1. Limited to the range 85-102, what total is found for residues that are among the charged types (D, E, K, R) and open to solvent by less than 10 Å² (accessible area, probe 1.4 Å)?
2. Collect the residues in the range 83-101 that are touching a Lys or Arg at 6+ places or on another chain (Cβ under 7 Å) and within 13 Å of Ala59 (Cα to Cα), keeping them in residue-number order.
3. Of all the residues that make up the range 155-173, how many are modelled with pLDDT of 90 or more, in contact with a Leu (Cβ under 8 Å, 6 or more places away or on another chain) and among the aliphatic types (A, V, I, L, M)?
4. Please work out which one of (1) over 16 Å from the mean Cα position of the chain (by Cα); (2) modelled with pLDDT of 95 or more; (3) open to solvent by 20 Å² or more (accessible area, probe 1.4 Å) is the condition Asn82 fails and give its number.
Amino acid sequence: MAASHLLPKSMIGRVRGLAKSVLVLKPDDRRPRISQSGEISRRILCHEHEHATERFDDAAARFVRSVGSSPRLAGNGFSVANPRGRDLVLFIHAVLWRHWAADPKRVEVVTDQTFAVVEAALFRGGAPCPTMVIRTSRQRAGAPMLVSVLPSPCTLESNQAYRFEVEGFSFYLNAEPGARSPFWAAFSAGADPATVLDADLGDLADDPSIRRFLTGI
């Protein structure tokens, strides 16, 4: 089996910056753990499948690094050239699949149906779930800060969804693929160009999923 980075190593490197390590925050951990390159699993992907998903990581890295130089929209967002839109969509699927496949408690987090749809899109050419990308900014005590947030369930526009955050961007997958939502269609990660909203999420201490880790950091 291949060593599989659950979040792309290159993106973790940008979050880490000049530091030698990053804090890994997981909802079921009592305290944060230290890592140089993020979470790794050696039991979910063979070398062939790991290589097959590398292009999705590359597409996502190129996409997020082009957002800042893309045209600003009249509202609060960007219009971003996205010629590899399907690869970006499958990047979101791949990150979620890796975390779920590596987690022995997966059945407590995601339904078998959603897991099967995501897996089929990745490896068997199935229809992908709706996805979107939002550029996010966070601060701690007034200073800008990049963080990584591992996948977790959420609700977006009344749809059950999953999100993760890395390199200043939040990635969302709609777990109700049959839902017809103009919102998800307007901000589809597969569109070219893609519309990326720009959101200020405020101080880390205001995020309940992160606040409990901040003491002593």
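1. So the answer is 1.
2. Hit for the range 83-101 is Asp87, nothing else.
3. Selection size over the range 155-173: 2.
4. (3)
Listed here are the residues, each with its yes/no results for (1) within 24 Å of Ala194 (Cβ to Cβ); (2) touching a residue at least 40 places away in the same chain (Cβ under 8 Å); (3) of a type in the set (Ser, Thr, Tyr).
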| position | (1), (2), (3) |
| --- | --- |
| Ala61 | yes, yes, no |
| Leu73 | yes, yes, no |
| Val80 | yes, yes, no |
| Val95 | yes, yes, no |
| Glu108 | no, no, no |
| Ala116 | no, no, no |
| Arg124 | no, no, no |
| Ser137 | yes, yes, yes |
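The values are calculated or read from the model by the stated rules, or taken from the named source; none is laboratory data. Because the structure is a prediction, the values reported are computed rather than measured. All Cβ positions, even for glycine, are placed from backbone atoms using ideal geometry, and neighbour counts span all protein chains on display. The area values use the complete protein model at the heavy-atom level, side chains included, leaving out ligands, DNA and RNA. Shrake-Rupley method; radii C 1.70, N 1.55, O 1.52, S 1.80 Å.
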